[in-house]
């Protein structure tokens, strides 16, 4: 192929090339540059053919040099198509028809019409007998689909691209068989009513290797302009033709499908062929998908080395586009949802908005992931998914849902160090906050006097009963002169009481010592009991009068209950009052000393026990409606 680097040199170079072209077969005045220029005679050519029985029924159509007739073949009882010549005396036309029959007969492919035989009439007129193809030319379907008689199911672009893929498959097969078509265009493709696709008109075909010498012209020896000017590749103007020449023609065919125009246009043949010679990249309108535009321009590069290396490479590129087109459509729909997601997040103001946001993000993410599953290299889908996930990560962080944000980070197509740092900071804050909350909860539990109140209530009642009965017995024993309380008796009574209290605490330690407040309350009671034991031992040693010892008991207990009231539970002031009243009564009526002490003990611990017992019942009653509601809700669920 001849190349030039400057526009002026291109023009001059083409003018020189123009003078060398064999254009005798071209009627330039007609201006029909999308019609095939037939091949001339290329030297010695064997056109001997056989014979067969045919009964002509009618005419199917006419082309540039030939007529296609409908015939009946009695020997096989079938209808066939028979191609013959308009002008039966032109040698080049005879050679071209014979060549077409031989090439088509050689190529056995689903997208190439089967040739049954090559026969001649008694007048030595060649007839190519082939399968009858019903339908319409692809050109008519492209330019006038409503009247073409072929139903386009679904997406028209996908319909045409699937045809082009089959066409490229047939061309690739022909190349492997050593045949170059040289006249690929929509007009030379027939479409049947049952999705049949046939590449027709192999009359311009040449051989790519020596295997067909003497039977077909060789491509490297063919110098005449053959083919359709409006679709031609630059090297068809006198350069070296290869498989990539047909790749160019496939690109020209795709161009016509996309634009409904020929790849090369002009007011005269010179202008059209100059366009062929230059083969500048075409600027496609915006409705043409960018990838298809790139495929077209790559296939029709001026330099064959810059084109697809084979028809199969071209077919694969078209197939990849069809696969990616689904991804592109998914991405496009997901981007609409992504814009909506941004608006929802910007206007978010409540739980209902949150539900809409999650629903929108779910649709968006699903669509983009499906697109990437189909086309992993889609930059647009990757960028959109990156944007959508980043939006949701920030949304979750804004709502203190750092763990959800951390999970979303895994969906990012590319790592985002900034977002990762924000998530880690949020996690650190949450960890610190959780530690603080745990500490506060522990502190709250430690100071919660409700912990162990049931056992403390029982303990108070037991203490009241055990400690309150001995003074009553002592009163009646002394009144009726049965027994008089001594220091040893009072001390042993106090020690026994302390032992019983310690035993109860130990046996119920899990409940009674459940938290700090409970431990302090129990410790206060035990401390008061221990203080009474020490008081009685001291009184015994110093020989303190017995009435004064019991009065000091009541004073000590009143003081201890007062401290417990201030430190733990103000309601325990009602447990302090009986001690104070008992102490006063012992001074006003000392003869009832034991009864005053018994009353202080019994009423004090009874009041405390009842207070804690009341708390327990109140909590239990409050829990019943909640439990019932939960059960009801569960049943409804």
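Values in this text are rule-based calculations from the coordinates and carry no lab data. In this text the structure is predicted, and so the values were computed from the model without any measurement. Glycine also receives a Cβ, built like all others from the backbone with ideal geometry; neighbour counts cover every protein chain displayed.
So what is the relative contact order of the stretch 448-622, in percent, for Cα pairs below 8 Å that sit 6 or more residues apart?
Reported relative contact order: 35 percent.
Would you please state which residues of the stretch 323-344 a label at residue 425 would reach in this model, taking the label point 7 Å out along Cα→Cβ and a backbone N cut-off of under 13 Å?
No residue qualifies, since no backbone N sits under 13 Å from the label point.
Of (i) 115, 25, 18; (ii) 115, 35, 14; (iii) 58, 30, 22, which one was derived for semi-axes √(5λ) of the Cα gyration tensor in Å from the structure shown?
(i)
Compute the whole-percent fraction of alpha carbon pairs in the stretch 32-309 spaced more than 28 Å apart.
The proportion of pairs with Cα distances above 28 Å equals 35 percent.
Starting with the highest mean, order 141-149, 299-307, 200-208 by the number of other Cβ atoms within 10 Å, averaged over the residues of each peptide.
200-208, 299-307, 141-149
Can you give the angle from 0 to 90° between the axis of helix 7-20 and the longest principal axis of the chain, with both taken from C-alpha atoms, to the nearest 10?
The helix 7-20 is inclined about 40 degrees to the chain.
By how many degrees, between 0 and 90 and to the nearest 10, does the Cα long axis of helix 379-398 differ from the longest principal axis of the chain?
Long axis of 379-398 versus the principal axis of the chain: about 10 degrees.
Work the Kirkwood hydrodynamic radius out for the stretch 52-159: mean of 1/r over every pair of different alpha-carbon atoms, inverted, in Å.
That comes to 15.4 Å for the stretch 52-159.
When the Kirkwood radius is taken over all Cα pairs of the stretch 448-622, what Stokes-Einstein diffusion coefficient follows at 37 °C and 0.692 mPa s, in µm²/s?
Approximately 199 µm²/s, per Stokes-Einstein.
Please work out the C-alpha center-to-center distance from the stretch 456-512 to the stretch 536-603 and express it in whole Å.
If you average the Cα positions of each part, the centres end up 14 Å apart.
What number, in percent, do you get for the relative contact order of the chain if the mean sequence gap of Cα pairs under 8 Å and at least 6 apart is divided by its residue count?
9 percent
Go through 425-437, 273-285 and give me the packing order, highest mean Cβ count within 10 Å leading.
Final packing ranking: 273-285, 425-437.
Based on a Kirkwood Rh over C-alpha pairs, give the Stokes-Einstein translational diffusion coefficient of the stretch 497-588 at 10 °C and viscosity 1.306 mPa s in µm²/s.
It comes out at roughly 111 µm²/s.
Report the semi-axes of the equivalent ellipsoid for the stretch 269-390 in whole Å, largest first, where each axis is √(5λ) for an eigenvalue λ of the Cα gyration tensor.
43, 15, 9
Taking just the alpha-carbon atoms of the stretch 377-534, what radius of gyration and Dmax come out, in angstrom?
Every Cα atom of the stretch 377-534 included, Rg and Dmax give 32.2, 109 Å.
Compute the Cα gyration tensor for the stretch 156-281, then decide on rounded, prolate or oblate, letting a ≥ b ≥ c be the square roots of its eigenvalues: rounded whenever a/c is under 1.5, prolate when a/b is larger than b/c in the other cases, and oblate in all that remain.
Because a/c hits 1.5 or more and a/b fails to exceed b/c, the stretch 156-281 counts as oblate.
Please report how far the C-alpha centroid of the stretch 57-88 lies from that of the stretch 258-273, rounded to the nearest whole angstrom.
Value for the Cα centre distance between the two parts: 32 Å.
Just how far, in whole angstrom, is the stretch 217-248 from the stretch 150-211 if you go by their alpha carbon centroids?
First find each Cα centre; the distance between them is then 17 Å.
Given labels modelled 7 Å from the Cα in the Cβ direction, how far is it in nm from residue 268 to residue 75?
For residue 268 paired with residue 75, the spin-label model returns 5.2 nm.
Mind checking the angle between helix 487-507 and the chain's longest principal axis? C-alpha axes, 0 to 90 degrees, to the nearest 10.
10 degrees
Provide the packing ranking of 252-260, 489-497, i.e. peptides ordered by the mean count of other C-beta atoms within 10 Å per residue, highest first.
Descending mean neighbour count gives 252-260, 489-497.
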